[in-house]
Amino acid sequence: MPYLPLRFLQRLAGVLALLVWTLPPVQAAAIRDLTSVQGVRVNQLVGYGLVVGLGGTGDQATQVPYTTQSLLSMFQRLGINLPPGVASNLQPKDVAAVMITANLPPFAQPGQQINITVSAVGNASSLAGGTLLMTPLKGADGQTYAVAQGNVVVSGFGAASGGNSTQVNFLTAGMIANGATVERAVASNFDQSGPLTLALNTPSFGTASRVAEAINQRFGAGTATAMNAGVIQVQAPLTAGDRTAFLGQVEALDVSPESPPAKVVIDARSGTVVLGQNVTLGACAVAHGNLSVTINTQYEVSQPNPLGAGQTAVVPKTDVKAKADKANLLMFKPGVTLEAVVRALNAVGAAPNDLIAILQAMKAAGALHAQLDVI
């Protein structure tokens, strides 16, 4: 064996250490990214209100009568009583009826502010520059949990003149950052004594077992139990403060989730095809060609003899042509990976619709080793 200088061995050791250091780590995720705590959830809120100050882009009273009715009802609550003649002829153009939606985060307390989305429900052409008047936001139980008010911000813009118009994005929906103030907290069972339940975002028997194993290694055997593919039951302290600290430590643990199942997702409406990384094929041969039919109709004038008794008539002349493109035959060996499938289909110039038809035919033949979801 040849003698290697000590300096060379030290450099080699440094390079090896650098390579080990730069190797990609094992794909692991924190438990907080894989699970959610049962009972700790977002609650949806909804409300009906009015947006004012719209500079002529509001609802048309003749077609949307409920906007005027809502405005008159608000006037009455504010102590403004209009004469019957004025009220019946009221046709505001700067007011729009809107629906307000918001998500109330868990543990939200009175006084906190949340974002809201404002959407027109009438025929208003734009909500730009409008102000939402005070609107209560209610939950599914009919109780008021927040009150919304503020200036609406619309991300689009539009212009019209002389019968021509242009528009970018939508003008009938906008948002108000911190536009609602929480008035009531949602009751939670997190502070109650007893075990906590972690729900996996993607049910998996392997991932559930690994999560329970990681918790037991950190806090002792019997702390966590994988009840099924989607639920892990965790024994937690009884007091609220200890439960909060304990759950924070649990969610910070890293777990390597199980590889996702092989899946192919197809959106036939947009022609989108998404193939998972574990998709493989069995032995199969694929031939796909297009058949196009063209119908061309031309109208010709049939002129009778000057001495005859006939009449001039328009006679259609139809030409029908059918063309079948050459079918490309592709051979796939058993165990072919996703990369090879994509490369082969791109080589023959398969369009999205062609790819959808090919994948569905492969699945029907049993050659596609993946779950096929059509949305």
Legend entry - segment 225-234: number of residues that are in contact (Cβ under 8 Å) with a residue 24 or more places away in the chain and either over 24 Å from residue 202 (Cβ atoms) or small (Gly, Ala, Ser) (or both): 2
Inset, instruction - Those residues that are at pLDDT 65 or above, of a type in the set (Ser, Thr, Tyr) and part of a strand (DSSP E or B), I need them from segment 259-300; list them, please. - result: 272, 280
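Would you pick out the residues in segment 225-245 that are of a type outside the set (Lys, Arg) and either outside the structural domain of residue 213 (by TED's automatic domain parsing) or not in a loop (DSSP other than H, G, I, E, B) (or both)?
Correct list: 225, 226, 231, 232, 233, 234, 240, 241, 242, 244, 245.
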Inset, instruction - Among residues belonging to segment 122-148 that are in a loop (DSSP other than H, G, I, E, B) and without any contact (Cβ under 8 Å) to a residue 40 or more places away in the chain, point out the one that is nearest to residue 63 (Cα to Cα). - result: 142
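The values are calculated or read from the model by the stated rules, or taken from the named source; none is laboratory data. Only a predicted model underlies this, so the values are computations on that prediction, with no experimental measurement involved. When we count neighbours, we look across all protein chains shown, and the Cβ atoms used for this are built from the backbone with ideal geometry, even at glycine.
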